[in-house]
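S.K.: Have a look at this one before I ask anything.
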Amino acid sequence: MAIDPRKYENYESGKKTLWANIGMHQFHLPVGKPDAQVFNGLITLVYDNLDVLMNRYKEFLDGDEKYSALKETEFLVGRVDNMMLVTDPWGTQFCILKSDDAVEDRAANVGAQPVVEGHAPSEGLCLEDLTVYVEHGANLDGIGRFYEKVLGAPTIRELSSDQSISIAMGERQTITFQYHPDGELAKDIEHHDFSYDDKDEDADVSLPVYPSNNGPHISLYVTNLSKAYQMAEELGVLYVNPRFSRRAYTEEEAIDQCMFRLIQIVDPLDEEKNVILNLEHEVRSCITKDGTKYKSCPLINLP
């Protein structure tokens, strides 16, 4: 992937969060406190050339010292035809596919992340799918209804099954919720890590108190932030993570900051509003309240 110039000084110093860009998509990589975040699912990336990656893996196997940081970790690589399965040093699993059309998959005419001056764009073309593991018997249809109601993201029936549900994140990306591949024995599948350890002496005591979430979160853009906020509020799933300085407690604050967070996924048809799973979302607006493009939005032309 490519180093984002907005965090390049962190890369040089070896401290704090890094942003790693792949096409128009991006990973935020915080320092583990104390442990790294491990995503309980499968991240699917698309590359133009898998042979380049496999050659680097062979160098690692041959003992090349530039890969010494990968030794004695969870790092593992396998390949079947035009697909690689990779476990990163901390245990997160990736599926890497070979592109059929690199220009189409990179979609540079649609959007892109910034590149450090003098650096090439990322070898990786895009993040195609994020598969989130859930317990067997989880309410998949309820998850689909949640995304449709709150985020306006429709279910893709032809990609779904009795074991999974795939949801369109725009025209080029999906999020999939799948029963854990370990079967019914897989229990306590969580995507959050709550704590009340963070103390904010300047906090407004009149505001709701939320736990910090130290687990992974996903970030996405919507075309109508106010509507998404109102739908989330109606379902009672709004969330503020004290880990971050940007905090939207009201719709007005969400519009000012071009974002809000939610964490509980519930079925809109469930009167009890039982939580299907916790997965933190940072929901962003493509535009600011004055109608200009939000500074971090990678799209060239707004929808």
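The values are calculated or read from the model by the stated rules, or taken from the named source; none is laboratory data. Nothing here was measured: the structure is a model prediction, and the numbers come from that model. Note: ideal-geometry Cβ built from the backbone for every residue, glycine included; neighbour counts use all protein chains shown. We work out accessible area using only protein heavy atoms, side chains counted, and drop any ligands, DNA or RNA first. Shrake-Rupley method; radii C 1.70, N 1.55, O 1.52, S 1.80 Å.
S.K.: Projected onto the charge dipole of the stretch 1-108 (+1 at Lys/Arg Cβ, -1 at Asp/Glu Cβ, origin at the Cα centre), which of 80, 45, 99 gives the Cα projection farthest towards the positive end?
M.R.: 45
S.K.: Let me ask something additional. Using protein chains only and a probe of 1.4 angstrom, how many square angstrom of residue 149 are accessible, to the nearest 10?
M.R.: 60
S.K.: What are the GluC sites (Glu not before Pro) within the stretch 58-163 that DSSP puts in a loop, where the Cβ has at most 15 other Cβ atoms within 10 Å?
M.R.: When the GluC sites (Glu not before Pro) of the stretch 58-163 are filtered for loop state and at most 15 Cβ neighbours within 10 Å, 72, 74, 117, 123, 135 remain.
S.K.: Moving to a separate point now. Beyond 28 Å between alpha-carbons counts as too far, so tell me which of 66/98; 7/227; 33/98; 16/98; 149/293 fall in that bin.
M.R.: Over 28 Å apart, Cα to Cα: 7/227; 33/98; 16/98.
S.K.: Sticking with this structure for a sec: Multiplying the sequence separation of residue 234 and residue 250 by 0.36 nm and subtracting their Cα-Cα distance, what value in nm do you get?
M.R.: 4.5 nm
S.K.: Also, quick follow-up: Could you pull the accessible area for residue 256 with a 1.4 Å probe, rounded to 10 Å²?
M.R.: 80
S.K.: Would you mind working out the magnitude of the charge dipole of the stretch 1-145 relative to its Cα centre, with +1 at each Lys and Arg C-beta and -1 at each Asp and Glu C-beta, to the nearest 20 Debye?
M.R.: Computed charge dipole of the stretch 1-145: roughly 480 debye.
S.K.: Charges only on Cβ, +1 for Lys and Arg, -1 for Asp and Glu: so what's the dipole of the chain about the Cα centre, in debye to the nearest 20?
M.R.: Using Cβ point charges on Lys, Arg, Asp and Glu, the chain gives about 700 debye.
S.K.: What does the C-alpha gyration tensor say about the overall shape of the stretch 1-148? Classify as rounded when a/c is under 1.5, otherwise prolate if a/b is larger than b/c, or oblate.
M.R.: It is rounded, given that a/c, with a ≥ b ≥ c, falls under 1.5.
S.K.: Follow-up. How long, wide and thick is the stretch 111-206, going by the Cα atoms along their three principal axes, in whole angstroms, largest first?
M.R.: Ordered largest first, the stretch 111-206 gives principal extents of 47, 44, 29 Å.
S.K.: Just read off the accessible area of residue 243 with the full protein assembly in place, 1.4 Å probe, to the nearest 10 Å².
M.R.: Around 80 Å² of this residue is reachable by solvent.
S.K.: Of the labelled options [x] -0.29, -1.07; [y] -0.37, -1.01; [z] -0.24, -0.91, which one gives log10 I(q)/I(0) by the Debye sum over Cα atoms at q = 0.07, 0.13 Å⁻¹ as computed for this structure?
M.R.: Structure-derived value, by its label: [x].
S.K.: Ordering 11, 249, 294 by accessible area with a probe of 1.4 Å, largest first, what comes out?
M.R.: My answer, sorted largest first, is 11, 249, 294.
S.K.: To the nearest 20 debye, what charge dipole does the stretch 74-175 have about its Cα centre, counting +1 at the Cβ of each Lys and Arg and -1 at the Cβ of each Asp and Glu?
M.R.: It comes to approximately 200 debye.
S.K.: Given the C-alpha centroids of the stretch 257-278 and the stretch 1-51, what is the distance between them in whole angstrom?
M.R.: That distance is 27 Å.
S.K.: OK, next. Have a look at the DSSP beta bridges in the chain and tell me what percent are antiparallel, nearest 5.
M.R.: Counting DSSP beta bridges with both partners in the chain, the antiparallel share is about 70 percent.
S.K.: Using a 1.4 Å probe and counting only protein heavy atoms, arrange 131, 250 so the residue with the most accessible area comes first.
M.R.: 250, 131
S.K.: Top to bottom by accessible area (1.4 Å), largest first, where do 80, 134 land?
M.R.: From most accessible down to least: 80, 134.
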